[in-house]
């Protein structure tokens, strides 16, 4: 009778052989060279996105709603004056937010109603950017403010960088084939990474949100200036048959 230890060894050996067969089956059955190509390029930003929240806090629910509607209208007015299309303004429904401290029934804790509304704004003309940021951050009821920058022709940028990355991979493959004394044949496989903003990959893209639920916020002390450049990266992996 086979012992349990011997049986376990046979099972593990069989599993290892299956894994080895799978890995071998994943590889081409012809000679090949695998090369990687990478490109990093800088582009000027031509659009921006802004996210923020309005917060109102007042003991009277009617007054709280009145303040929220007034501040919302001020935001819409500013955006339209600076040429922002209504199609580029997304204003969420007004919602009520209750923090744990507001549930406390104590003499010093007067019942207050807190209303919140989030906005997402796409800015397609950065010439008005500084004036827009200044006007928005002046509002003491505004918080959780973040900005990001990008390109309106991102698909074209991606196509350009893909071609450059493929050219780089071909150069690397030619260098290897020359060193090995073989010649490149047709491409038998290609994979690519998604287009990545270098700053975002390093945790530097845009700005972190200003987390403050208080309606008595001071001016937001952050630099929201348009960056001089946006750096994007893309890499590809290419498999060439060799002669």
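Find the residue count for the range 133-154, including only residues that are touching a residue at least 40 places away in the same chain (Cβ under 8 Å) and in a helix (DSSP H, G or I).
5
Within the range 25-42, does at least one residue satisfy the condition of being modelled with pLDDT of 65 or more, under 24 Å from residue 237 (Cα atoms) and not in a strand (DSSP E or B)?
yes
Checking the conditions here, which among 212, 130 is modelled with pLDDT of 90 or more and either within 30 Å of residue 59 (Cα to Cα) or part of a helix (DSSP H, G or I) (or both)?
Details: 212 fails: modelled with pLDDT of 90 or more.
Exactly one of 212, 130 is modelled with pLDDT of 90 or more and either within 30 Å of residue 59 (Cα to Cα) or part of a helix (DSSP H, G or I) (or both), namely 130.
Could you please find all residues in the range 138-166 being more than 24 Å from residue 229 (Cα to Cα) and out of contact with any helix residue (DSSP H, G or I) (no Cβ under 7 Å at 6 or more places or on another chain)? Step through it out loud before you land on a result.
Residues of the range 138-166 that are more than 24 Å from residue 229 (Cα to Cα), as a first pass: 138-144.
Once the filter is applied, which keeps residues that are more than 24 Å from residue 229 (Cα to Cα) and out of contact with any helix residue (DSSP H, G or I) (no Cβ under 7 Å at 6 or more places or on another chain), the range 138-166 yields 138, 140, 143, 144.
Listed residues 182, 157; which is touching a residue at least 60 places away in the same chain (Cβ under 8 Å) and buried (at least 17 other Cβ atoms within 10 Å of the Cβ)?
Being touching a residue at least 60 places away in the same chain (Cβ under 8 Å) and buried (at least 17 other Cβ atoms within 10 Å of the Cβ) holds for just one of 182, 157, which is 157.
Which of (1) closer than 30 Å to residue 78 by Cα; (2) modelled with pLDDT under 90 is the odd one out, the single condition residue 203 does not satisfy?
(1)
Answer yes if at least one residue in the range 57-74 is in a strand (DSSP E or B), assigned by TED's automatic domain parsing to the domain that holds residue 129 and modelled with pLDDT under 90, and no otherwise.
The answer is yes, given that some residue of the range 57-74 is in a strand (DSSP E or B), assigned by TED's automatic domain parsing to the domain that holds residue 129 and modelled with pLDDT under 90.
The values are calculated or read from the model by the stated rules, or taken from the named source; none is laboratory data. What you are looking at is a predicted structure, and each value in this text was computed from that prediction instead of being measured. With ideal geometry, Cβ positions are generated from the backbone for all residues, glycine too; neighbour counts draw on all protein chains shown.
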